[in-house]
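What follows is a set of notes on a single structure, which appears directly below.
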Amino acid sequence: MLGYAIEGQGPPIVLLHGFPLSRAMWGPQVSVLRERFTVITPDLVGFGESDPPANPDGMTMDVFAQAVVRLLETLGYDRVILGGFSMGGYVLFRVLARAAARISGLVIADSRAGADSDEARQRRMATIARIREQGPEGFLGEFAAGLVGTTTKTTRPGFIDTVRRLVGAPPVPTLVGALTAMATRPDSRPLLASVAVPTLVLVGEEDTITPPDAAREMASGIRGARLVTIPAAGHLANLEVPEMFNASLLDFVERL
Ligand code: MLT
C-alpha cells in the first residue's frame, strides 16, 4: 500500500518525489497548486507512509511505477498531469512506458532520461554495502548536503539541516531497494521521441546530480518541450528557489 495525500480541487496533477525523500518535499508546490488543481502526492514504495519493498535486492523502477499506476486506478483518475523530481522522474518514464494514455502533460524536474553509467552503478553498490555495514545515518547526512546548490549553501547554511530533517529516517530496506532500482533502471531515452503531450523540464543551474546538460538533452529529445533553468538553485530547485520554480510550473499547467 502506498501512502499519499490529495489536496485541492480541479484537474488532477500527480507529483512523484525524489530519493531519499517523501511526498513532504512538495510542500511549496502543493500550497499553490491546490488553489486550482487536485494535487496527488504519493509516497513511493518504502518511503514516507508507504509499505517497504517486498524484495529490496530485486527492486526495479517498474515496481515503483506499477504501484503509482495502481494507485491512480484505485483512486479513479483516468488522465493526469504527471510530474517527477529526480528519482521521481525515473519513475515517471516507467509510468509513461506502461500507461502513456493516462498522461495529459509531463513535468520533469532535476532528472535525466538515461541510465546510470558503470561508475554511478558501482557507487550505488558501494553505498548499499556502506549502509548495511554502518547504518544509514552517515550516508544520509552527506547525501542531504549534496542535494543543495552552492548559492544556497553559502547564503543559507542552515538549509542543509532543513533538508536533513525532511529526509527523516528511511529504513535500510527502502534505501537498498531504491538504490538498486536506480542502478538497474533502463535507458528511457528511446521513449522521448514518442512523448506526445506538453512537457516542462526544470533544472537548477547548480544541480550537480542531474546537471543542466542532462536536462537539455532530455528536453531536446521531446517534441515542443519547454526547458526552464532556475538560477541560484542546486538539485533541490523546488525547495531552494520555490518562487521561480512555482511560477514556471503554474504558467505551464494553467495552459494545459
Ligand atoms: C534523487 O534526487 O532522487 C536522486 O539523487 C537521484 C539519483 O541519485 O540519481
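The values are calculated or read from the model by the stated rules, or taken from the named source; none is laboratory data. Quantities reported herein were computed from a predicted structural model and do not represent experimental measurements. Note that we place each Cβ from the backbone using ideal geometry, even for glycine, and neighbour counts take in every protein chain shown. Keep in mind that these areas ignore ligands, DNA and RNA; they rest on the heavy atoms of the full protein, side chains included. Shrake-Rupley method; radii C 1.70, N 1.55, O 1.52, S 1.80 Å.
Filter the trypsin sites (Lys or Arg not before Pro) in the stretch 151-256 to those in DSSP coil with at most 13 other Cβ atoms within 10 Å of their Cβ, and list the result.
Those that pass, being in a loop and sparsely packed, are R223, R255.
Provide, in order from the shortest bin, the percent of all Cα-Cα pairs of the stretch 53-190 in each 5 Å bin, continuing until the bin that contains the maximum pair distance.
Pair shares across the bins are 2, 9, 16, 19, 19, 17, 11, 6, 1, 0.
Of the accessible area of the stretch 4-255, with the probe set at 1.4 angstrom, what percent is carbon plus sulfur?
52 percent
Only loop residues by DSSP count here, and only those with at most 15 other Cβ atoms within 10 Å; note down the GluC sites (Glu not before Pro) in the stretch 1-108 that meet that.
Filter output for the stretch 1-108: E35, E49.
Could you work out which residue, out of D213, D118, D187, moves most in a Gaussian network model of the chain, that is, has the largest mean-square fluctuation with Cα springs under 10 Å?
Per the Cα network of the chain with a 10 Å cutoff, D118 tops the list.
Non-local amide H neighbours of T199 (under 5 Å, H modeled in plane, Pro and chain starts lacking H): which ones?
Placed amide hydrogens put L106, R226 under 5 Å from T199.
Please list 3J(HN,Hα) in residue order for the stretch 56-66, calculated via the Karplus relation 6.51 cos²θ - 1.76 cosθ + 1.60 where θ = phi - 60°; whole Hz, with x for glycine and proline.
Per residue, the Karplus-derived 3J(HN,Hα) values read x, 6, x, 5, 9, 4, 5, 5, 4, 5, 4 Hz.
Give me the base-10 log of I(q)/I(0) for the stretch 114-197 at each q in 0.14, 0.17, 0.19, 0.24 Å⁻¹, Debye formula, one uniform scatterer per Cα, rounded to two decimals.
The calculated log intensity ratios at q = 0.14, 0.17, 0.19, 0.24 Å⁻¹ are -0.64, -0.84, -0.94, -1.09.
Using every pair of alpha-carbon atoms in the chain, split the distances into 10 Å bins beginning at 0 and state the percent of pairs per bin, rounded to integers.
All Cα pairs, binned at 10 Å, distribute as 7, 34, 40, 18, 1 percent.
In whole Hz, with x marking every Gly and Pro, tabulate ³J(HN,Hα) for the stretch 117-125 from phi via Karplus 6.51 cos²θ - 1.76 cosθ + 1.60, θ = phi - 60°.
Values per residue, Gly and Pro as x: 6, 4, 5, 4, 5, 5, 4, 4, 5 Hz.
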